[in-house]
Amino acid sequence: MRAREELGFNDRWLMIIGIPFVALVINSIIFSSTDIDNSTRFLTCYPISIIFTSVFWIIFRQCIIALRKRKRFQENTFLRLGAEVILIIVIYFLIEPILEFLVKEVLQLQNSWSEPTAAIKIFTGLIFSLFVTAIYEIIYIQSKLERSNLEREQLSRAHIQSQLDGLKSQIQPHFLFNSLNTLAGLIPQDENRAVRYVQKLSRVFRYVLEIRDEALITLEEEVEFLNAYIYLLKERFGNNLQVELDIPTSYHGRMVVPLSLQILFENAIKHNKITREEPLKVRVYISAEGKLTVENNLQLREESPNGTKMGLENIRKRYRFVVDDPVDIVSSIESFMVSLPLIKSPSIP
């Protein structure tokens with residue numbers, strides 16, 4: 001399975017068909033200029049060609065796998081091709097005379113025909129070695145391209161799905177019911193608070209609609225939205241929800257995936273108890289590694305909703321689409337923590 005991953009395909013049938021075919025072609029070319037009759041060429045020389053072709057094929061195949069295990073050769077196609085060509089030439093000149101000696105000794109061949117010239121044998125052997133390697137490389141590059149296109153398409157879908165999830169989490173009946181119920185309770189108590197609540201609710205909806213086509217947004221804008229969103233949550237849960245925001249303004253120019261903080265808050269509220277005796281404490285801060293971190297105390301509900309974990313998975317995929325630095329998720333007995341990379345450049349690969 002590991003070899004298949006490095007090669008980019010299962011080469012079993014390529015070897016089963018390719019080795020006899022290449023051996024036949026090489027055998028025909030090398031001995032075409034000698035005085036060997038066709039029956040001897042096929043019955044005696046062809047099996048030897050099979051042995052040579054099999055040994056070199058397997059060795060070169062292992063060299064290809066070994067090179068592709070190294071990251072710098074994976075990423076640099078021209079460097080990998082150059083290294084493969086050099087290895088093929090060096091290994092051929094090292095192995096060929098040893099293999100020829102061993103085959104003749106084991107088979108005790110007494111040649112009654114003229115040997116092909118060394119130049120013909122070397123030229124033919126190297127050409128077909130490079131040809132077979134080229135086949136592996138072409139299939140590998142093609143499989144990488146297809147895999148890259150598929151992954152890009154999947155990430156694009158995840159990005160769209162995550163945006164839709166953010167929209168749905170805001171407009172779903174449950175959210176609207178809670179928001180309107182909170183508003184209904186505020187109106188007779190304090191009209192000014194009710195007005196502020198409507199303003200914050202409007203800000204949340206407007207932000208979600210404005211960023212639906214954005215892949216990245218500044219941390220400053222995301223925090224501004226988060227403050228409005230937290231205001232709604234605080235009106236609903238009161239002191240049962242305790243939020244601490246500790247984000248220096250020097251980080252406000254960095255880029256983040258929109259709605260990622262909102263999804264993490266939703267995740268914490270969805271799975272944890274929020275009571276006066278057991279308040280949910282959520283802290284948003286910049287970690288020592290320079291990542292935007294959301295951490296909450298862990299007090300799981302006895303009957304936690306069945307989650308698909310799509311929220312966290314979509315965040316990870318969307319970040320992987322724009323930055324190599326991964327999203328870190330750490331869960332312990334006491335807390336749950338998610339750290340998001342802060343992106344300096346808004347460029348999308």
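The values are calculated or read from the model by the stated rules, or taken from the named source; none is laboratory data. All values derive from a computational prediction rather than experimental measurement. Cβ: placed from backbone, ideal geometry, glycine included. Neighbour counts: every protein chain shown.
See the values below:
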item: Single condition Leu261 does not satisfy, out of (1) part of a helix (DSSP H, G or I); (2) among the hydrophobic types (A, V, I, L, M, F, W, C); (3) over 21 Å from Pro279 (Cβ atoms); result: (3)
item: Condition broken by Lys270, with the remaining ones in (1) farther than 25 Å from Leu216 by Cβ; (2) not in a helix (DSSP H, G or I) satisfied; result: (2)
item: Filter pass, Leu280 being at pLDDT below 90 and under 26 Å from Tyr231 (Cβ atoms); result: no
item: Condition check for Leu219: in contact (Cβ under 8 Å) with a residue 24 or more places away in the chain and crowded, with 18+ Cβ neighbours inside 10 Å; result: yes
item: Residues located in the stretch 241-259, provided they are farther than 20 Å from Lys200 by Cα and surrounded by fewer than 16 Cβ atoms within 10 Å (Cβ to Cβ); result: Asp246, Pro248, Thr249, Ser250, His252, Gly253
item: Any pair with Cβ under 9 angstrom, 6 or more apart, that starts in the stretch 84-103 at a residue that is modelled with pLDDT under 80 and ends at one that is exposed (fewer than 15 other Cβ atoms within 10 Å of the Cβ); result: Val103/Leu109
item: Residue satisfying condition, being polar (S, T, N, Q) and at pLDDT 75 or above, within set Asn76, Asn38; result: Asn76
item: Residue in the stretch 112-129 that is modelled with the highest pLDDT, counting only those that are closer than 25 Å to Leu43 by Cβ and either loosely packed, with under 11 Cβ neighbours inside 10 Å or of a type in the set (Asp, Glu) (or both); result: Ala118
